[in-house]
Amino acid sequence: MSSEKNDIAVIGMGVMGTNLARNFASRGQKVAIYNYEPQQAVAVAEKFPEAKFSVAMTTEQLVSELSRPRKIIMMVTAGAAVDSVLDTLVPYLEKDDIVVDAGNSHFSDTDRRAKRAESEPWRFVGMGVSGGAEGALLGPSIMPGGDIEAWNELKGSLEAAAAVSDSGPCVAYCGTGSAGHFVKMVHNGIEYGDMQLIAESAVLMRQGLGMPSRAVANTFEEWNKGELDSFLIQITTDIFRKADPKNPDALLVDAILDKAGQKGTGRWTVLAAVELGVAIPTISAAVDARALSAQKELRVRAEETFKPRRTSLIDISTEDIRSALFAAKIASYTQGFAMLRAASDERGYGCNFGEISKIWKEGCIIRAQFLDQVSEAFTEDPQLPLLALAPSFQKSLATHMPAFRRVVSSALSAGLPIPGLAASLTYFDTLSMARGSANIIQAQRDYFGSHTYERLDNPGVSEHTDW
């Protein structure tokens with residue numbers, strides 16, 4: 001390493017860490033890199049000489065050759081590895097130094113690490129990064145949370161490295177404590193919902209309407225020119241045009257085993273929502289669908305046993321399916337932001353939902369035109385209790401709901417599984433039913449467990465009946 005101090009350090013030379021380090025270097029930052037196996041960092045520096053990386057062989061060397069306050073970004077596997085790296089850094093950290101965990105850590109781990117930093121002279125930031133390997137290199141969506149003064153120090157470097165939309169750099173302070181990682185988790189939950197809804201829409205077109213793959217691709221391409229314009233719609237268009245390298249007359253997607261993987265953030269979102277008491281049925285249905293997809297052998301056996309009768313969709317058009325997809329998307333985002341509001345209130349994050357939706361406009365997987373409408377809704381009413389209640393979304397739902405209901409009804413009648421779309425419609429129907437079925441549940445609970453109930457004519461007072 002040279003005698004000149006480095007501006008920033010990146011620990012962890014996997015694909016994400018390497019690309020993030022290259023990103024900083026391309027923005028004029030002098031970047032030091034370190035890896036648990038130092039030779040991997042050496043190999044990265046040799047592979048990308050234009051970055052002019054300074055390679056540290058130890059964490060002590062890494063810290064000693066950083067300008068103050070030191071800015072150290074960890075991009076390592078979530079869990080024990082983060083604590084291990086932090087432990088090796090702590091002996092060399094001084095007042096106002098900043099350690100950033102940019103991996104996919106669970107927010108509870110981030111809370112624990114932030115608590116540790118409170119009694120130390122150095123500062124800790126939990127930071128979500130979305131956009132995959134390409135985003136890390138070219139500009140991701142960045143979601144930092146934690147120490148506000150640390151954010152102010154990091155702001156220039158992170159804004160330079162982030163994706164840029166027409167609203168500016170896709171990075172904003174998400175709130176105190178573990179807010180950054182919580183926001184990233186919810187982003188991933190919404191991503192699960194988006195992907196499931198798009199996949200179901202594709203199946204409805206192919207199996208329900210009998211459309212050839214070229215027509216499906218063309219339909220997604222048209223959808224991407226309107227209110228559904230998004231990265232996920234764009235890549236789905238490409239997917240339905242990609243030939244199988246082993247069989248050029250067939251689609252690659254049709255050669256892929258229908259068992260969806262998941263890294264855990266979707267499950268984390270569902271579990272956190274349960275703890276908060278927030279209903280997120282669209283996202284939960286997407287997680288459930290992936291779990292069922294993993295049971296391929298069982299599904300094959302069940303189909304052979306039940307021999308379900310599947311038919312075509314009746315009196316349904318691609319425009320109807322587009323409307324259903326857009327309405328369901330409103331449901332998914334309404335649930336995600338309801339969860340963020342509940343967490344922000346309960347955990348004291350202080351989230352700015354208008355800013356969060358802006359930083360998702362570029363760089364991340366759920367980037368979409370739709371987020372302009374979300375941002376406008378929260379800018380006009382920062383206290384908006386539920387996204388779907390915003391005037392613009394009320395108008396959208398009024399337009400799309402008739403087709404949404406027709407599509408769900410027809411798909412269920414045809415025996416075509418649409419867990420995400422069906423859950424989204426049921427969510428709106430349950431939400432908009434002022435008097436539902438819970439009075440019966442309360443009566444049952446009181447009957448078998450003396451759990452009490454409240455009367456309509458005497459709210460707030462618990463009563464019990466000897467049934």
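The values are calculated or read from the model by the stated rules, or taken from the named source; none is laboratory data. Quick caveat: nothing in here was measured; it's all calculated off a predicted structure. Note: ideal-geometry Cβ built from the backbone for every residue, glycine included; neighbour counts use all protein chains shown. The accessibility values were calculated without ligands, DNA or RNA, using every heavy atom of the protein model including side chains. Shrake-Rupley method; radii C 1.70, N 1.55, O 1.52, S 1.80 Å.
Considering only the range 435-450, how many residues are on the phi < 0 side of the Ramachandran plot and open to solvent by less than 90 Å² (accessible area, probe 1.4 Å)? Here the count works out to 10. Counting just the residues of the range 326-384 that are of a type in the set (Asp, Glu) and assigned to a helix (DSSP H, G or I), which one comes out nearest to the chain's Cα centre (by Cα)? Of everything passing the filter in the range 326-384, GLU355 is nearest to the chain's Cα centre (by Cα). Scanning the range 331-343 for residues that are open to solvent by 10 Å² or more (accessible area, probe 1.4 Å) and touching a residue at least 60 places away in the same chain (Cβ under 8 Å) gives ALA338, ALA342. Among the residues of the range 371-400, those that are open to solvent by 70 Å² or more (accessible area, probe 1.4 Å) and either of a type outside the set (Ser, Thr, Tyr) or under 24 Å from GLY350 (Cβ atoms) (or both) comprise GLU376, THR379, GLU380, PRO382, GLN383, PRO385, LEU389, PRO391, GLN394, LYS395, ALA398. For beta carbons closer than 7 Å, sequence separation of 6+ or different chains, a first residue in the range 137-152 that is open to solvent by 10 Å² or more (accessible area, probe 1.4 Å) and in a helix (DSSP H, G or I) and a second that is among the hydroxyl-bearing types (Ser, Thr, Tyr) and at pLDDT 95 or above, the qualifying pairs are ILE148/TYR173; TRP151/TYR173.
All of (1) within 26 Å of the chain's Cα centre (by Cα); (2) open to solvent by 30 Å² or more (accessible area, probe 1.4 Å) hold for ARG405 with one exception: (1). I'd like the residue in the range 278-292 that is open to solvent by 10 Å² or more (accessible area, probe 1.4 Å) and assigned to a loop (DSSP other than H, G, I, E, B) and, out of all such residues, is nearest to ALA199 (Cα to Cα). This residue is ALA279.
Within the range 209-225, if we keep just the residues that are open to solvent by less than 30 Å² (accessible area, probe 1.4 Å) and touching a residue at least 24 places away in the same chain (Cβ under 8 Å), the residue that is nearest to ALA327 (Cα to Cα) turns out to be TRP223.
Within the range 410-424, residues that are closer than 8 Å to GLY208 by Cβ have Cβ atoms under 6 Å from residues that are among the basic types (Lys, Arg) and surrounded by fewer than 23 Cβ atoms within 10 Å (Cβ to Cβ) in no pair, counting only partners at least 6 apart in sequence or on another chain.
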